[in-house]
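Chemist: Before we start, here is the structure in question, set down as structure tokens.
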Amino acid sequence: MISVIIPVYNVEDYLHDCINSILNQSFQDFEIICVDDCSTDSSLKILNEFAKKDNRIKIVRNEVNSSLGFSRNHGLEYAKGKYVLFLDSDDWLDSKSLEILYNTAEKDNLEVLMFKLINFDDEKKIFYRDNYYDMPFMNPYLNKIFNYHDLKANEITRMSVNAVNKLFLRSFICENNLRFPVGLIHEDNPFFYQMLHKAKRISLIDYHFYNRRRRMGSITTRNGKEVLDVIEIVNLCIRVSLDDKQLYEKHKCTFLNRMFRSFVVKYNFIDDLYKDEFKNKSKELINNLCSEYPGLLNDLSDCLDEENYKFFDFMMLGE
């Protein structure tokens, strides 16, 4: 069985398409765990209507409005399936997704099965692909079994970190205590790197099963105070890498540049009102990490490329 976990918050316009895309699957051995994050529109009513018609649909409610990470973790507590798939409530899956994913994971005894997703512009009503989700550099790994040790540094840092384009063996998640950070945006990042460090059997298939709706007003289009969350996300990701000394030494330059690039991009993106706070909190983070991990300051000095080092100087010295 596959447990499909769907966090739900104020998505009344999209919820029917999302849930129907699971109910209409060619593979029918599933449960749908819908985690309502205190919706204020008719989302909960829609969920109840679905649940009355199909007992495979379970509704879980958060006591207070929390976050996507909290809702996914909450859903995991109720999951009973051999495999877990995360689906965002404004997106949908192609009809043969679960069948092919299940059969492939079973055949190859996988802990994680990655697949591709395609974007849907909700305003223009058109589908479009991009390299971030297509991951063409991963083509040599298609239909093969691999793990972190097999990957090059520039492959690891370019992989799609999204939780939704992966099927997970539930026992693998439980045994490694994999959970999403709570109350933060970009929560997929540390979950992905923890998963990647732990999984021994990963594969990738060349199917665009997942349809991702891109719409205005989503979290990724906002440039307010929530962008500060990226600082804690970078903190969590760097710690995952630093705690695995062998792999850190192998990939540190590429990885540290990838993390610092997040600082640069988000600092330029965030509203001017929060730029000083962003800079000060980033500086505090780096100081704390360098105190805890001797040698990190030298690694940053040696590894950062010109653009990232310029921001590092600006952040640490104000220059």
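Read-outs: derived from the displayed coordinates by stated rules, not from any lab. Quick caveat: nothing in here was measured; it's all calculated off a predicted structure. So basically every Cβ, Gly included, is an ideal-geometry build from the backbone, and we count neighbours across all protein chains shown.
Chemist: Of the listed peptides 196-206, 159-169, 265-275, 120-130, what is their order by residue-averaged count of other C-beta atoms within 10 Å, with the highest listed first?
Modeler: Details: 196-206: 17.7, 159-169: 21.2, 265-275: 13.7, 120-130: 11.0.
So the peptides 196-206, 159-169, 265-275, 120-130, ranked by packing, come out 159-169, 196-206, 265-275, 120-130.
Chemist: Less than 17 Å from a label point 7 Å out along the Cα-to-Cβ axis of Glu232: which backbone N atoms in region 44-73 qualify, by residue?
Modeler: Output list for this probe position: 64-73.
Chemist: Suppose we keep just the DSSP beta bridges with both residues in the chain; what percent of those would be antiparallel, to 5? The partial results should precede the final answer.
Modeler: Numbers: 12 of 38 bridges.
Beta bridges within the chain, antiparallel portion: roughly 30 percent.
Chemist: Give the residue from Tyr274, Leu285, Thr254 lying farthest towards the positive end of the charge dipole for region 225-317; charges sit on Cβ (+1 for Lys and Arg, -1 for Asp and Glu) and the dipole is referred to the Cα centre.
Modeler: Value: Thr254.
Chemist: Please give the residues of region 181-220, grouped as numeric ranges, whose backbone N is less than 18 Å from a label point set 7 Å along the Cα-to-Cβ vector of Asp271.
Modeler: Once the point is set 7 Å along Cα→Cβ of Asp271, 185, 216-220 turn out to lie under 18 Å by backbone N, inside region 181-220.
Chemist: Rank-order 208-214, 131-137 by packing density, defined as the average count of other C-beta atoms within 10 Å over each peptide's residues, highest first. Before the final figure, lay out each step's value.
Modeler: Values: 208-214: 19.4, 131-137: 13.6.
Packing order, densest peptide first, comes out as 208-214, 131-137.
Chemist: Let me ask something additional. Could you tell me which Cys residues in the chain have no other cysteine's Cβ under 4.7 Å from their own Cβ, answering none if every one has a partner?
Modeler: Cys18, Cys34, Cys38, Cys174, Cys237, Cys290
Chemist: Still on this structure, please answer the following. Between Ile205 and Asp17, what FRET efficiency comes out of the Förster formula 1/(1 + (r/R0)^6) with R0 = 30 Å and r the beta carbon distance, rounded to 0.05? If you can, show how the numbers build up before the last one.
Modeler: Numbers: r = 24 Å, r/R0 = 0.79.
Taking R0 as 30 Å, the efficiency between Asp17 and Ile205 is 0.80.
Chemist: Per 5 Å bin, what percent of the C-alpha pairs of region 1-160 does each bin hold, from zero upward?
Modeler: Values per bin, smallest distances first: 2, 8, 16, 18, 18, 17, 12, 6, 3, 0.
Chemist: Can you tell me the convex hull volume per residue for region 88-156, based on C-alpha atoms, in Å³ to the nearest whole number? Intermediate values should be presented prior to the final figure.
Modeler: On the way: hull volume 8.5 nm³, N = 69.
Hull volume over Cα atoms, normalised by residue count, gives 123 Å³.
Chemist: OK, next. Which ordering of His251, His16, His149 is given by a fewest-first count of other beta-carbon atoms within 10 Å? Each step should come with its number before you reach the end.
Modeler: On the way: His251 21, His16 14, His149 9.
The order, fewest Cβ neighbours first, is His149, His16, His251.
Chemist: While we're here: Compute the helix-to-body angle for 68-78: its Cα long axis versus the longest principal axis of the chain, expressed 0 to 90° and rounded to tens.
Modeler: Taking the Cα atoms of the chain, the angle to 68-78 is about 50 degrees.
Chemist: A 23 angstrom limit on the alpha carbon distance is what I want to check against. Which of Lys45/Lys82; Lys152/Lys198; Lys58/Lys200; Lys152/Lys252 exceed it? Mind showing how you got there, number by number?
Modeler: Values: Lys45/Lys82 29 Å; Lys152/Lys198 16 Å; Lys58/Lys200 31 Å; Lys152/Lys252 11 Å.
From the list (Lys45/Lys82; Lys152/Lys198; Lys58/Lys200; Lys152/Lys252), the Cα-Cα distance tops 23 Å for Lys45/Lys82; Lys58/Lys200.
Chemist: So, one more: Using alpha carbons only, how many degrees (0 to 90, rounded to 10) separate the axis of helix 43-53 from the longest principal axis of the chain?
Modeler: 40
Chemist: Can you give the Rg to Rh ratio for the chain, taking only C-alpha atoms and Rh from Kirkwood? Mind showing how you got there, number by number?
Modeler: On the way: Rg = 20.1 Å, Rh = 20.7 Å.
That ratio equals 0.97.
Chemist: To the nearest 20 debye, what charge dipole does the chain have about its Cα centre, counting +1 at the Cβ of each Lys and Arg and -1 at the Cβ of each Asp and Glu? Show your work: numbers first, answer last.
Modeler: Details: 42 positive and 50 negative charges, 149 e Å.
Computed about the Cα centre, the dipole is about 720 debye.
Chemist: Helix 275-292 versus the longest principal axis of the chain: what angle, 0 to 90°, nearest 10, using Cα atoms?
Modeler: 80
Chemist: Along its three principal axes, how long is region 226-309 when you only count alpha carbons? Whole Å, largest extent first please.
Modeler: 40, 24, 17
Chemist: In the Gaussian network model of the chain, springs joining C-alpha atoms below 10 Å, which of Leu68, Leu297, Leu47 carries the largest mean-square fluctuation?
Modeler: Of the options given, Leu297 has the highest mean-square fluctuation.
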